[in-house]
Ligand SMILES: Cc1cc2nc3c(=O)[nH]c(=O)nc-3n(C[C@H](O)[C@H](O)[C@H](O)COP(=O)(O)OP(=O)(O)OC[C@H]3O[C@@H](n4cnc5c(N)ncnc54)[C@H](O)[C@@H]3O)c2cc1C
């Protein structure tokens, strides 16, 4: 986006492997050690599709050519629920694909981009300083590479992901400490990819793609080239469910979920892949005295990352990058103004997404912990959380609320934006009272424990 806006950009990527020629190669052999979730389930929400359509029509075309899955929830639901199609509904549609496919397309586009030099197999090792842009605040004027080479730039963008060492590097320059909050929301993910058999079809979702069922959740995500993923996620503390790493236990549990078993009707193209220990982490490079440094901006996961239970990382990251381009347009010439504008925009527009995601994860984990210990799940932490839960119970009863819920899951509108709309809160409360929660069908805790123990040969 910065290169297309007229800047000369150098992109430094530590992983040495070139972008594979084909999507199949990307899936089968591309070594992306820098992204440990590379072959795990990924979903692009409507926000990502919106940014891609506006900023990268060529990438959108390439995704369509790659048979990216088109998810149009309004089209798939019955007319009695959706009402007549509205012009705004097109914004709720998303194009999604496997991470390997998304990266192959973005990578090939980047490699061909004029004004963008992509250097792979080049690790950044630290920061260079230049004359301060204001008072005692250190100014970052470039990066030092692992081999000792130095590169100078008007702006250093940290896109090193969730493990970015930027705070450490800034501290080494004598900057004020970066304010960091982090917690492990405590989920483990067990996912497997499938492909439709020759002549077979891609399963259609029944209900929501994310389904909480007692002490586990099921995530069913359509992907490109007639592939899809099924992911079960559980509390990391739930020892018996560690058996889900075993393919028989995993299959038995999906098979026992009446609204999800049909997602097993395909050819498995991976084993069950497990991942846990994923932190929610937010960084702020700004104190009461101003920015901790100038000349540097952390974007996407390097700024804040969350557990992937809601699959928001890329959608918010792409959008954050688009907003970076906007702030660069306005403020690049004045490093202090830039640092100020970047921090304030990020905190105003993106931090609420971080907090909302963490609140949702905490609530679900508290529910799981209670259920697996035979306790009554705790009520919502606050009025807004209760309202959000109630909204998702009432989607089927009101076309307005349905669209509001899809805007929220699509990262298009925050809960607080939706609740501020006239009449929305009253409508949610009224409908939620008329429609008590109805659990998604699936095994009871006892059945669940039996299911995962027996096939595992316990
Ligand atoms: C299990 C799992 C499932 C997920 N599912 C989804 C989903 O469904 N939808 C979604 O939107 N998001 C999902 N996410 C989140 C998503 O993967 C991240 O939000 C996204 O990858 C962040 O992009 P990024 O560019 O900020 O960082 P990354 O994708 O982590 O990229 C960082 C890059 O920096 C490179 N790098 C690191 N250090 C250096 C260095 N010193 N020098 C040079 N290069 C360096 C790395 O090699 C890497 O290529 C998931 C995450 C996990 C863990």
Exercise for the section: Go through the residues of the stretch 285-299 one by one and say whether even a single one is surrounded by fewer than 24 Cβ atoms within 10 Å (Cβ to Cβ) and within 25 Å of residue 191 (Cβ to Cβ). Expected result: no
Fill in the blank from the handout: Within the stretch 253-297, restricting to residues that are in a strand (DSSP E or B) and touching a helix residue (DSSP H, G or I) at 6+ places or on another chain (Cβ under 6 Å), the one that is modelled with the lowest pLDDT is 280
Practice task
Just one of (1) crowded, with 22+ Cβ neighbours inside 10 Å; (2) assigned by TED's automatic domain parsing to the domain that holds residue 140 trips up residue 344, so point out which.
Solution key: (1)
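Specify the residue that is surrounded by the fewest Cβ atoms within 10 Å (Cβ to Cβ); the eligible residues are those in the stretch 155-170 that are touching a residue at least 24 places away in the same chain (Cβ under 8 Å), within 10 Å of the ligand (Cβ to nearest atom) and closer than 16 Å to residue 297 by Cβ.
Looking only at the stretch 155-170, we keep the residues that are touching a residue at least 24 places away in the same chain (Cβ under 8 Å), and these are 155-162, 164, 166-167, 169-170.
Filter once more, keeping what is within 10 Å of the ligand (Cβ to nearest atom): 158-162, 164, 166, 169.
Still in the list and also closer than 16 Å to residue 297 by Cβ: 158-161, 164, 166, 169.
Values: 158: 25, 159: 19, 160: 20, 161: 16, 164: 21, 166: 22, 169: 21.
Once the filter is applied, the top-ranked residue is 161.
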Completion exercise
Looking across the stretch 24-50 at residues that are assigned to a helix (DSSP H, G or I) and crowded, with 21+ Cβ neighbours inside 10 Å, the single one that is nearest to the ligand (Cβ to nearest atom) is 48
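Does residue 119 meet the test of being touching a helix residue (DSSP H, G or I) at 6+ places or on another chain (Cβ under 9 Å) and either closer than 24 Å to residue 4 by Cα or assigned to a loop (DSSP other than H, G, I, E, B) (or both)? Full working, then the answer.
Working: touching a helix residue (DSSP H, G or I) at 6+ places or on another chain (Cβ under 9 Å): no; either closer than 24 Å to residue 4 by Cα or assigned to a loop (DSSP other than H, G, I, E, B) (or both): yes.
Judged against the criteria, residue 119 is not a match.
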Fill in the blank from the handout: Flagged in the stretch 390-439 as assigned to a loop (DSSP other than H, G, I, E, B) and at pLDDT below 95, in numbering order, are 435, 436, 437, 438, 439
Exercise for the section: Examine the stretch 59-72 for a residue that is assigned to a helix (DSSP H, G or I) and within 15 Å of the chain's Cα centre (by Cα), and state whether such a residue exists. Expected result: no
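Return a yes/no flag: does the stretch 61-78 have any residue that is within 10 Å of the ligand (Cβ to nearest atom) and in contact with a strand residue (DSSP E or B) (Cβ under 8 Å, 6 or more places away or on another chain). Spell out how you get there, then give the answer.
The first filter runs over the stretch 61-78 and keeps only residues within 10 Å of the ligand (Cβ to nearest atom), leaving none.
No, that holds for no residue.
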Practice task
Give the number of residues within the stretch 126-154 that are surrounded by 14 or more Cβ atoms within 10 Å (Cβ to Cβ) and touching a strand residue (DSSP E or B) at 6+ places or on another chain (Cβ under 8 Å).
Solution key: 19
Practice task
Report yes if some residue within the stretch 370-387 is in contact with a strand residue (DSSP E or B) (Cβ under 9 Å, 6 or more places away or on another chain) and touching a residue at least 40 places away in the same chain (Cβ under 8 Å); otherwise report no.
Solution key: yes
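Given the criterion in contact with a strand residue (DSSP E or B) (Cβ under 9 Å, 6 or more places away or on another chain), part of a helix (DSSP H, G or I), surrounded by fewer than 16 Cβ atoms within 10 Å (Cβ to Cβ) and modelled with pLDDT of 95 or more, identify the matching residue among 351, 321.
Residue meeting the stated conditions: 351.
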Practice task
Answer yes or no as to whether residue 200 is more than 14 Å from the ligand (Cβ to nearest atom), outside the structural domain of residue 144 (by TED's automatic domain parsing), surrounded by fewer than 16 Cβ atoms within 10 Å (Cβ to Cβ) and over 24 Å from residue 359 (Cα atoms).
Solution key: yes
Exercise for the section: Give the stretch 228-249 a look and list any residue that's over 18 Å from residue 364 (Cβ atoms), in a helix (DSSP H, G or I) and either under 23 Å from the mean Cα position of the chain (by Cα) or within 16 Å of the ligand (Cβ to nearest atom) (or both), or say none. Expected result: 245
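The values are calculated or read from the model by the stated rules, or taken from the named source; none is laboratory data. These numbers were taken from a predicted model, which means no experiment stands behind them. Note: ideal-geometry Cβ built from the backbone for every residue, glycine included; neighbour counts use all protein chains shown.
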